[in-house]
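Just below is one structure, and these are the notes that go with it.
The values are calculated or read from the model by the stated rules, or taken from the named source; none is laboratory data. Computed from a predicted model, the values in this text were never measured in an experiment. Every residue, glycine among them, receives a Cβ derived from its backbone with ideal geometry; neighbour counts consider all protein chains shown. Side chains included, ligands, DNA and RNA excluded: accessible areas come from the protein's heavy atoms. Shrake-Rupley method; radii C 1.70, N 1.55, O 1.52, S 1.80 Å.
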Amino acid sequence: MVRLLRRTCLYASLLVIGAAGFSAVALGGPGGDGETPPGRDMRQPVDEAYTAKIKKYTTAPYFSSPLVDYLPAAKGVPTPEAVLGDVSGAPGILPYAEDVYKYMRLLEKALPGRVKVFSIGRTEENREMIAVAVSSEENLKRLDENKARLGKLADPRTINLDDAEADRLVAQATPIYYITGTIHSPETGAPTALMELAYRLAVDESPYIKEIRDGVITLITPVVEVDGRDRMVDLYRWHLAHPKDFYPPLIYWGKYVAHDNNRDAMAVTLKLTENVLNTYVGWKAQVLHDLHESVPYLYDNTIGDGPYNAWIDPILADEWQMIGSRNVADMTRFGMPGVFAHGDFDTWSPGYLMFIAAMHNGISRLYETFGNGGADTQERTLEPEEYARTWYRQNPPLPKALWSQRDNNNYEQTGLLTSLHYFNENKRLFLKNFYLKAKRSIQKPEAEGPAAYVLPADDPRTTLQAQLLEVMRKQAVEISRAKTAFSVAMPAKKDKSAKGKEGEKEQQPATVTKEFPPGSYIIRMDQPYSRIADALLDHQYWSPEDPQKTPYDDTGWTFGELFNVKVARVTDPKVLSVAMERVTNVAPKGGASGEGIVFAVNNHAEPALATLRFKLKNAAIEAVEEPFESAGTKFNRGTFLIRGVSREELDRAASQAGLQAVALGVAPSVKTHAVRAARIALVHTWLSTQTEGWWRLALDNIGVPYDYMSTQAIAKMDDLNAKYDVILFPPVGFFSSASAVVNGIPTEWGNPLPWKNTPETPNLVGKNDWTDDMRPGLGWEGVAKLQKFVQSGGLLLTATDTSRLVLSLGMAEGVTAGGGEKMKIVGSVLAARLVDGASPIAYGYDDKVSVYCDNGPVFSLTSIAGTRGRRRLGEEMHERPTGRGGIDDPDFTVGRVNEAAPEQPKSEIWEAPPVTDEQKRNGYRVIPEERRARVIFRYADNKDLLVSGLVEGGNEIAQHPAVVDVPAGKGHVVLFSINPVYRGETRGTYGMVLNAIMNFDSLDAGRKEAK
Ligand SMILES: [Zn+2]
């Protein structure tokens, strides 16, 4: 009670301040500071009923502002109430995307001059995405004319980098501010905020809003993750229908991924990324402002914290400061608590949706406002670190407050309106910056460099090369192809081993000449979008000494490395004068050539091989177990020998896959085994589907069919081996402990959590999985089923946390998984080395391959069942103890015979320590050689481990196994320490998984110990 009374007082006093501070606003005209003050135009009537409800649903007056505490009335123009049945942010109301679109189209119909709705593409589940343009009649009438101007500023080559011409264009152009909402489906507030914002921008006659309407084109995508939005609204409806029950968590957002949909702006594998990117680039917008809701009350994390991405223009960092600081200042002046612009978030990774703008010469922005994950009004209690006053948050949020969706909508709209107004006031500056950033992108070769990236025509991985170029194309990067062979000067690799004297160093040449064959791809850096190509293709270094100790996301991503494709960073400007032509189609030419009954497709570990295998269902395909030569061509281990399919069918399938099938005169006389189209189950939990979603996406794109099922389904299935050859159990991500996976969500209390379609939840299931109750896990029955599957001859494939899981359940003997003590590897690209090239899992790989690693696990091998693998703690004693003689001499003991000490057996870190004679005595625990774990790839030596990103304490994982094949019963468990299938970025390691799948019944091929 006391607390309640105090709050009432606080409310009253703030009300007074609010009224005094902005009483001048209502009159219009410039304020005392010379700027147009915010607030309504007294000559325009307000929608009284709507305004009353805004007040009612706002839980405290200081959670509002003079920009949003009223709604102007406009005759014949529907307010959001027309569709929602109540005002934006009303408790209990969460519209489906379709309803949001319906409103935007009603608004367009009522005010066609000021509102235009554009369809910008479809989602994976075929739902529409839209962008709504709101501006003055004058601006919308001249959209094309304006776009032509912006196009010239976006590509200064069109005006010969003429600054004077740019100034003329800047003076005439109307900038575009693009706002995107609810990419994160549990962050539910943006759609209603953006409906009301569109209405305000379209009808409000207050000078403050009118200036925005006349000066800026506001572009709005109210729902980015449309599939996830509809699921989230379903769940909220379920919650309203069962108010006393716990409601199911949103386990699926989009078809494939959840929160990671905001990490796709590098590889552009999701439709939502592609559609927003095309809209942003197509409109030549200046700003991309993405709305999120996980921090109280408004965190403009654009300025955030360091380190900043190394490839952005410093002009952009200044723009973040300008807009962000002003944003905080404006809202602080309104008396709104909890608005700040620094905090938890580094700006290193370019994977965020907003970063499309940062990488395409615009301005990226992101708000975290405060959402309740639905439209309930609730008392919310913050953590001490959330309400602490800090240097950057002088006006922190309240430790405890009643919070409503309307409050959230007030913050979102107030932030956006003040941003739009400030942006408009300074639009000439921002337009000029837009031009300057593009110009500096074009001047990259002669400024900081490089001049170009070259993807050589002789790269054997043509389909992976094409995929990398396809990412570039999606990113609006121009690609050229050399018409002739050419050579450039490349910096000579520093010889790390050359210690020597000063004089010797100087004699080392500074450069070497590198030759490229005709047809090599050249990505010129003198183009407007060179920045994104540079950021994706370059290497990253995150210092272990960096003051930022908690990287927000991945620290390395170098695409050439992760795609296993050759990419040369060329600084020699000569590369730009090579005869070349622009290309838009980079699909490699595949097909069948020659005549014969056996065709060979060489194996370079390209995922396209799996495309071919599963497409040619009825063909007899064998893999060669040793390399061979035919007509001067060297064919690798794993090369496909294809029979039993017509030449036409093979030609069609091979050209679709982009692979060359070459007729052989005679089949090579090397050992082969069948490569089958395995029957695959892909297992997910009901705990999290975030990480396995990337595996589904990859398999779907490659054309590998699988049955998708939960751990619950595994537990209920009678005979897994009768239905499946391979069970893929990709990483779980969150809640991945053995107890969580086995036990699931506790069922001893609470109510069932259904994930299925019901009258309240018609969109929940989509094309994914369903259950009556999400809570039960794999269970002990499921564990037994998996165990039986492996023992009876199946292949179980796991990665990162599921590798830990199956090891802790004892499904694979002779491998242990540890964690590093000081190791810190945060989403980095590491070097791996081939250990056993005869294993089918390694088919097509070279000795070196780059892999994605996020802190292990650290695998160690043992040959003694039931014991831990070797841990490298402390120095081992290899040298002789103190005694007589020199270091290599035998010691003696006076008065005793001397027995020469046996040679200590040596082994590598990735190997199991050799079995000692002592261990062999009655050695029932000694794992027979043919049953031991087989290391296929290992992590590189510590000095070579880092390719890109952060590696601290790398010695703890260096040289340890990265991919292990463990015989278990009649089957195999293949364990990955790396995540081989991740965010559409690691396509170079997809082949390891696909090789295991296609050779599931011949994994022992090439095994050294096999008898
Ligand atoms: Zn978010």
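For this structure, a couple of remarks:
- Estimated at 0.36 nm per residue, the fully extended path between Asp162 and Thr758 surpasses their Cα-Cα distance by 208.4 nm.
- Dipole of segment 173-313 [Lys/Arg +1, Asp/Glu -1 at C-beta], most positive-end residue of Val223, Leu197, Gly181: Val223
- Kirkwood-Stokes translational diffusion coefficient of segment 535-592, alpha-carbon pairs, 25 °C, 0.890 mPa s, µm²/s: 159 µm²/s
- When restricted to Cα atoms, segment 658-731 yields an Rg and a Dmax of 17.0, 54 Å, respectively.
- Whole-number percent relative contact order across segment 164-312, with pairs defined as alpha carbons under 8 Å at least 6 apart: 35 percent
- Checking the cross-link pairs Lys848/Lys970; Lys634/Lys848; Lys444/Lys514 against a 27 Å limit on the alpha carbon distance flags Lys848/Lys970 as lying beyond it.
- Residue order for His259, His342 - accessible surface, 1.4 angstrom probe, largest first: His259, His342
- Cross-link partners of Lys244 among lysines, defined as those whose alpha carbon lies under 30 angstrom from its own and excluding same-chain residues fewer than eight positions apart: Lys53, Lys55, Lys56, Lys255, Lys400, Lys756, Lys767.
- Charge context of Tyr208, other residues only, Cβ under 12 angstrom, K/R +1, D/E -1: -4
- Diffusion coefficient (Stokes-Einstein, Kirkwood radius over C-alpha pairs, 4 °C, 1.567 mPa s) for segment 412-563: 67 µm²/s, rounded to a whole number.
- For Thr882, the accessible area of its heavy atoms, probed at 1.4 Å with every protein chain present, is near 140 square angstrom.
- Gyration tensor verdict on the chain (Cα atoms; rounded if a/c is under 1.5, prolate if a/b is larger than b/c, oblate otherwise): prolate
- Residue pairs exceeding 21 angstrom between C-alpha atoms, taken from Lys141/Lys474; Lys284/Lys474; Lys109/Lys147: Lys141/Lys474; Lys109/Lys147.
- Accessible solvent surface per residue of segment 105-179, calculated while the other protein chains remain in place, 1.4 angstrom probe, Å²: 44 Å²
- Here, segment 526-654 is characterised by an Rg to Rh ratio of 1.11, where Rg is the alpha-carbon radius of gyration and Rh the Kirkwood radius.
- Rg/Rh for segment 330-469, where both radii come from Cα atoms and Rh is the Kirkwood radius: 1.12
- Here Lys483 sits with roughly 120 square angstrom of accessible surface, probe radius 1.4 Å.
- Counted as membrane-span-like here are DSSP H helices of the chain whose alpha-carbon atoms extend 24 Å or more along the helix's own axis and whose Kyte-Doolittle mean is 0.0 or above; these are 2-21.
- The largest accessible area among Asp305, Asp534 belongs to the first residue in Asp305, Asp534, and the rest follow in falling order (1.4 Å probe, all chains).
- Using the Karplus relation 6.51 cos²θ - 1.76 cosθ + 1.60 with θ = phi - 60°, the per-residue 3J(HN,Hα) values for segment 616-623 come to 8, 3, 9, 6, 8, 10, 10, 10 Hz, with x marking Gly and Pro.
- Only DSSP H runs of four or more residues enter the estimate; each adds -39500 (n - 2.57), and after division by the residues of the chain the mean residue ellipticity at 222 nm equals -9000 deg cm²/dmol.
- Taken over the Cα atoms of segment 90-181, the convex hull encloses 139 Å³ per residue.
- Accessible-area order (highest first, 1.4 angstrom probe) of the listed residues Arg987, Arg868: Arg868, Arg987
- With one equal scatterer per alpha carbon and no solvent term, the Debye-computed log10 I(q)/I(0) for segment 869-1011 at 0.15, 0.17 1/Å reads -0.98, -1.14.
- For Thr633, solvent-accessible area (1.4 Å; no DNA, RNA or ligand), Å²: 60 Å²
- Point-charge dipole on Cβ atoms (K/R +1, D/E -1) for segment 517-600, about Cα centre, debye to 20: 320 debye
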